[in-house]
Amino acid sequence: MALSALRGAVGFLTRLPVGHDERAWTAFSASPVAAVPVGYLVGACLALPFVAAASAPVALPATVVAVAYLVATYGLTGITHLDGVADCGDAAVVHGDAERRREVLKDTTTGVGAVAAVSLVVAGLALAAVAVAGLAVGEAVAVVVASEVGAKAAMASLAAVADPPHDGLGSALADGSGVGGAVFALVVALPVVGLGWVARDGVIGLLAAGTPVVTGVLVAAVAVSWARSRLGGVSGDVFGATNELARLVGLHVGVIAWTLS
């Protein structure tokens, strides 16, 4: 069952040809915490541009490394979750009650709110990657992997406390485990702080590497609060938006943590 859930998480979170069968999806939806281990895999892949840049015979511009990171990110994970950002962006700016906002979430028309939200996220991600490229290679790897793990911990935490307003992806992922499930997701994510120890021996490295994970859970908490007040509950689009925002904020906070440490 655990292996099937992991396969389902890979299928849901990446474009890899794994875990797209019904059995894997059912197992993953019953155990969304399986998303967290996938964060380690995705994070390791997304750290490769920074490792390659550090190994290059000539210094590559940070902007080139940032573009490579963006291509790797959406090439590996797809734009499904970015679509959640777009839908939530439209819902955030529409006038009306929660029911009206939920109607906008389902609308396939792309509005100004969607364009603005996606533009800000992609631009913010590119700028974060430029900043990460300025770190030492070990620190860069720690930030990228921890941010991805933190984003997946955010999704798993969201699933633990979600109260979907209707049937759909949100209700499929909501496992009803409550705060205990969110804590478990955080526990599964914490080993990533070991990368901080490798990058910079000592407690400072552990703390710096742990900040994107904590940030991810905080982003999930904000997402839950916003979704309940604006949408009447956590929908599938909120899951996707949470993943993208947690990655974005985790990268920026991670760079700040390593810069100040």
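The values are calculated or read from the model by the stated rules, or taken from the named source; none is laboratory data. This structure is a prediction, so every number in the text was calculated from the model and none was measured. Note that we place each Cβ from the backbone using ideal geometry, even for glycine, and neighbour counts take in every protein chain shown.
Do we find that VAL65 is surrounded by 15 or more Cβ atoms within 10 Å (Cβ to Cβ), farther than 29 Å from SER235 by Cβ and touching a helix residue (DSSP H, G or I) at 6+ places or on another chain (Cβ under 6 Å) in this structure? Answer is yes for this residue. Take the conditions (1) under 22 Å from PHE12 (Cβ atoms); (2) at pLDDT below 95; PRO212 misses just one of them, which is (2).
When region 51-98 is filtered for residues that are polar (S, T, N, Q) and more than 20 Å from LEU127 (Cα to Cα), the ones remaining, listed by number, are SER55, THR80.
Consider PRO49 carefully, then state whether it is part of a helix (DSSP H, G or I), over 16 Å from the mean Cα position of the chain (by Cα) and of a type outside the set (Gly, Ala, Ser).
Values: part of a helix (DSSP H, G or I): yes; over 16 Å from the mean Cα position of the chain (by Cα): yes; of a type outside the set (Gly, Ala, Ser): yes.
So PRO49 fits the description; yes.
So, ALA129, is that one in contact (Cβ under 8 Å) with a residue 40 or more places away in the chain, under 24 Å from LEU218 (Cα atoms) and in a helix (DSSP H, G or I) or not? In short, yes.
Mind telling me which of the residues GLY39, GLY11, GLY84, GLY43 ends up being touching a His at 6+ places or on another chain (Cβ under 6 Å) and either surrounded by 14 or more Cβ atoms within 10 Å (Cβ to Cβ) or closer than 17 Å to THR242 by Cβ (or both)?
Values: GLY39 fails: touching a His at 6+ places or on another chain (Cβ under 6 Å); GLY84 fails: touching a His at 6+ places or on another chain (Cβ under 6 Å); GLY43 fails: touching a His at 6+ places or on another chain (Cβ under 6 Å).
From the options GLY39, GLY11, GLY84, GLY43, the qualifying one is GLY11.
When region 218-261 is limited to residues that are farther than 28 Å from VAL94 by Cβ and among the aliphatic types (A, V, I, L, M), the one that is surrounded by the fewest Cβ atoms within 10 Å (Cβ to Cβ) turns out to be LEU260.
What about GLY75, is it surrounded by 15 or more Cβ atoms within 10 Å (Cβ to Cβ), in contact (Cβ under 8 Å) with a residue 40 or more places away in the chain and either of a type in the set (Gly, Ala, Ser) or not in a helix (DSSP H, G or I) (or both)? Lay out the reasoning, then the answer.
On the way: surrounded by 15 or more Cβ atoms within 10 Å (Cβ to Cβ): no; in contact (Cβ under 8 Å) with a residue 40 or more places away in the chain: yes; either of a type in the set (Gly, Ala, Ser) or not in a helix (DSSP H, G or I) (or both): yes.
In short, no.
Just checking, which of ARG228, ARG247 is among the basic types (Lys, Arg) and within 17 Å of TYR40 (Cα to Cα)? ARG247 is the lone residue from the list that is among the basic types (Lys, Arg) and within 17 Å of TYR40 (Cα to Cα).
For region 93-108, does any single residue satisfy the condition of being farther than 15 Å from LEU245 by Cβ, touching an Asp or Glu at 6+ places or on another chain (Cβ under 9 Å) and of a type in the set (Ser, Thr, Tyr)? No: zero hits. Can you tell me which residue within region 93-126, out of those that are outside any helix (DSSP H, G or I) and of a type in the set (Gly, Ala, Ser), is surrounded by the most Cβ atoms within 10 Å (Cβ to Cβ)? Among those that are outside any helix (DSSP H, G or I) and of a type in the set (Gly, Ala, Ser), it is GLY111.
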